[in-house]
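The values are calculated or read from the model by the stated rules, or taken from the named source; none is laboratory data. Quick caveat, the model's predicted, so the values are computed rather than measured. Here Cβ is always computed from backbone atoms with ideal geometry, including for glycine, and neighbour counts include all displayed protein chains.
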Amino acid sequence: MGDNSEDKENATRAAFSFLSIRPGHSRPGQIELLRVKSPLRPSKWAEKHFRLSTAYARPGPFSAYKWQREIIDAIQTHDEVIQVAPSQIGKSLIAEIQVAWCIDNIGMNGIVVYAKKETASDMFADRIRPMIKEIPAIQKFWSGNPDDLTQKKMRLSHMFLRIGSAEVPSDIATWSSGLIYASEVSKYRKHRGWDPIESLKRRQEAYRIIGRHKSLMESSPLFVGDCLYEEMHRSGVLNLRAYHPCPHCGKHQVLTIKQVKEIPNAKKETDHDPGRILRENAARYECMHCKKTIEESSRLWMSDNVVWAADGEKIENGAVVGRKEQKAVSFQYNRFVDYSFTFAMALSRWFAVQKKGTEAMQTFINEDMGEFWHEDTIQISEDYLHTKKMKYRQFTEGEVPNSVLILLLGADCQDDGFYWVVNGYGRGMDKYLVRSGFVAVAKNESQDGKDPHQLAYERFRAAVFASPFRRKDGRQMELFFGFIDRGGHRPADVDYICERIPQIRPYIGSTRVDFKRPVVEQSDKGIWWMGQSMLLSREVTSLIASERFHLPEDVTQDYIDQVRNEYIEPKKDIHGNTKLVYVKIEPNHYRSCENLALAACKAQSLENMLFDESAIAELTHPMSVPDSTADQGNTDDDAQSSYLAGRRGRRSY
Ligand SMILES: [Zn+2]
């Protein structure tokens, strides 16, 4: 879609005629002088002239929060203003105000672009048309003729304004505009020969000649590498964030969920219970500099004294010193600028989404925290895993941490044996690796004339249940549930084992991703369960990267090496879009075990229960009575009947 030179020339002529000067005859400085008519700063202009239409929650005059002023005013001093912010925080209102200010003060053709066609229609009806009809400072440019106010083209006395969608190249491709406003930029997608942002910027070329062009972009972020991320991180864009002062030490910081700490319950436990945290306002913000608690009562003052600063800039007396200004600027902020969003609300929401899984966590990160989702792209480091070691050991009886409430197994089959892990889960999905190992037993191996399946079963059982699972406080734990991979190397052995250890069920993984189906579900074709391997693996990565992941001090090097060997990596496709690619490196057997153990957790809906005190009580009482005879000596029939006797945690082997 090359530029049409006639189009460019017309636009240039139109632009010059608005300035009442002839091309080639302007004196130096003349254009600069004429750039802005109003002596008012845009934020002041907005408070004087802008009106919120009836489509807004609170129609009427506009009054800016202090932290919004610098963003709004940036349209006067910068060529490009980007906002990266949560949903429903007023970022599109700020952009609309900036568009209105441009209409009243600069007057050049403009285009407003939304990600989807339907949004473009809705936004024209709800926001743009009322702005022109209802705001006197803008309405004066309109003839009053409805034909001059259609979605296809809005004709004002000194300019045209258009609305389009990033899905429809013809909406954008041939229209010369000095002003572009791109909304929901992170949802824009490139495809063959089509780059929406690039194409929009080409519309400005005729206006660039006379040095008059403005770009506005706003969006909630999606993930590292999306169109918004690329635009704000190109060179020449100054990336600013909202730095809040601490009421105690006066130092500035970007408020983050990481510094919101849970206040323990009456039993002095941090139960991560979203309902309780909200009810009891059980959260406090710890200043990252002085470590003192920042009270909710300071929030308004903090929000009013936000300093917009780039990483590494020095803030003195509430202002940045020594900034090198750029023509383009981005403002990235999160919901903490809104002082009615309490720290307890944030923490409660954070724990609630952790229960719901990766999708919900991503939404929180994008739409509340205003951050790009960072798929754990880099392989988890060995050093990091070593920091996860805690003071307990794998095979020493009585070393299972006291916070463990439930034991789950995941096992992976190979031709030469079985890899397996037993994980312990506690309140709030705290996860401990309780035991792990490899059982050497080759497929079809027989010993002393024993049936190969029987031999595989006996060795597997002897390894996993080598000694009772006893907690440090003496309480004996039983295996609650588990999955063993039936999809690969030795299905007959798997069936044989599952017939004899009824807590362990056969599992078949699918490499396809289908977001409409559960991550794990029981097959209607047989007794096995089906799971979506990539989605599970992705959640395991998040789990490993979280504070909820713990390893025993004697964890093996094999485990550490293998558990790192699956990760998701962003890769550019041929059109330049970022795609997430699932990477697996051999050997990754312990990682497969971890994925299956998480599947077991999901299959039993434990993710919800482990956040719910009454469900925890049901899961853990009555616990099985410690019984020294109740481990390896039992017959298979015993295991079967005790499994049937109770669904949860009350069986022995
Ligand atoms: Zn402080």
Would you mention how many residues in the range 484-512 are of a type in the set (Val, Ile, Thr) and touching a strand residue (DSSP E or B) at 6+ places or on another chain (Cβ under 6 Å)? 4
If I filter the range 127-140 for residues that are exposed (fewer than 15 other Cβ atoms within 10 Å of the Cβ), closer than 27 Å to Trp194 by Cα and under 32 Å from the mean Cα position of the chain (by Cα), do I get at least one hit? no
Quick test of your reading of the structure: Glu547 fulfils all but one of (1) under 23 Å from Lys391 (Cα atoms); (2) modelled with pLDDT of 85 or more; (3) of a type in the set (D, E, K, R). Name the failing condition by number. (2)
Could you please give the count of residues in the range 297-313 that are under 21 Å from Arg284 (Cβ atoms) and aliphatic (A, V, I, L, M)? 3
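Each row is one residue, and each column tells you yes or no for (1) in contact (Cβ under 8 Å) with a residue 60 or more places away in the chain; (2) charged (D, E, K, R); (3) on the phi > 0 side of the Ramachandran plot.
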{"position": "Tyr425", "(1), (2), (3)": "yes, no, no"}
{"position": "Lys431", "(1), (2), (3)": "yes, yes, no"}
{"position": "Val434", "(1), (2), (3)": "yes, no, no"}
{"position": "Phe438", "(1), (2), (3)": "yes, no, no"}
{"position": "Asn444", "(1), (2), (3)": "no, no, yes"}
{"position": "Gln454", "(1), (2), (3)": "no, no, no"}
{"position": "Tyr457", "(1), (2), (3)": "no, no, no"}
{"position": "Arg461", "(1), (2), (3)": "yes, yes, no"}
{"position": "Ser467", "(1), (2), (3)": "yes, no, no"}
Pull up the range 68-93, narrow it to residues that are surrounded by 21 or more Cβ atoms within 10 Å (Cβ to Cβ) and over 24 Å from the mean Cα position of the chain (by Cα), then point me to the one that is nearest to Asp368 (Cα to Cα). Gln68
Pair list, Cβ < 7 Å and 6+ apart or interchain, from the range 228-248 residues that are among the aromatic types (Phe, Trp, Tyr) to residues that are away from the ligand (no atom under 16 Å from the Cβ): Tyr229/Pro221; Tyr229/Phe372; Tyr243/Ala309
Would you mind finding the one in Gln362, Gln326 that is assigned to a loop (DSSP other than H, G, I, E, B) and in contact with a strand residue (DSSP E or B) (Cβ under 6 Å, 6 or more places away or on another chain)? Gln326
Test Ile484 against the stated conditions and say whether it is modelled with pLDDT of 90 or more and not in a helix (DSSP H, G or I). yes
Condition met for Ala11 (buried (at least 18 other Cβ atoms within 10 Å of the Cβ), in the same structural domain as Tyr229 (by TED's automatic domain parsing), modelled with pLDDT under 85 and within 30 Å of Lys187 (Cβ to Cβ)): yes
Residue ID - surrounded by the fewest Cβ atoms within 10 Å (Cβ to Cβ), chosen from residues in the range 302-320 that are within 15 Å of the ligand (Cβ to nearest atom) and among the aliphatic types (A, V, I, L, M): Ile315
If you take the residues in the range 265-296 that are basic (Lys, Arg) and crowded, with 16+ Cβ neighbours inside 10 Å, which one is nearest to the ligand (Cβ to nearest atom)? Arg284
Filter the range 111-144 down to residues that are basic (Lys, Arg) and closer than 23 Å to Glu47 by Cα, then give me how many there are. 4
Does Ser177 satisfy being over 30 Å from Glu569 (Cβ atoms), assigned by TED's automatic domain parsing to the domain that holds Glu96 and crowded, with 22+ Cβ neighbours inside 10 Å? yes
Starting from the range 272-293, take each residue that is over 23 Å from Leu610 (Cβ atoms) and list its partners that are assigned to a strand (DSSP E or B) and among the acidic types (Asp, Glu), counting only C-beta distances under 6 angstrom and pairs at least six apart or across chains. none
What strands (runs of 3 or more DSSP E), lying completely within the range 192-264, carry at least 3 residues that are away from the ligand (no atom under 16 Å from the Cβ)? 214-219, 237-245
Within the range 578-626, considering residues that are at pLDDT 70 or above and of a type in the set (S, T, N, Q), the one surrounded by the fewest Cβ atoms within 10 Å (Cβ to Cβ): Ser614
Filtered residues of the range 332-373 (kept if basic (Lys, Arg), within 23 Å of Ile294 (Cα to Cα) and within 14 Å of the chain's Cα centre (by Cα)): Arg349
Val421 vs (1) surrounded by 23 or more Cβ atoms within 10 Å (Cβ to Cβ); (2) closer than 18 Å to Leu619 by Cα; (3) hydrophobic (A, V, I, L, M, F, W, C): all pass except (2)
Restricting attention to the range 432-481, which residues are in a loop (DSSP other than H, G, I, E, B) and among the charged types (D, E, K, R)? Lys443, Glu445, Asp448, Lys450, Asp451, Lys472, Asp473, Arg475, Glu478
Report whether or not Thr387 is free of Cβ contacts under 8 Å to residues at least 24 places away in the same chain and outside the structural domain of Phe343 (by TED's automatic domain parsing). yes
So Arg299 passes all but one of these: (1) surrounded by 16 or more Cβ atoms within 10 Å (Cβ to Cβ); (2) away from the ligand (no atom under 16 Å from the Cβ); (3) among the basic types (Lys, Arg); (4) over 30 Å from Asp612 (Cβ atoms). Which condition number does it fail? (2)
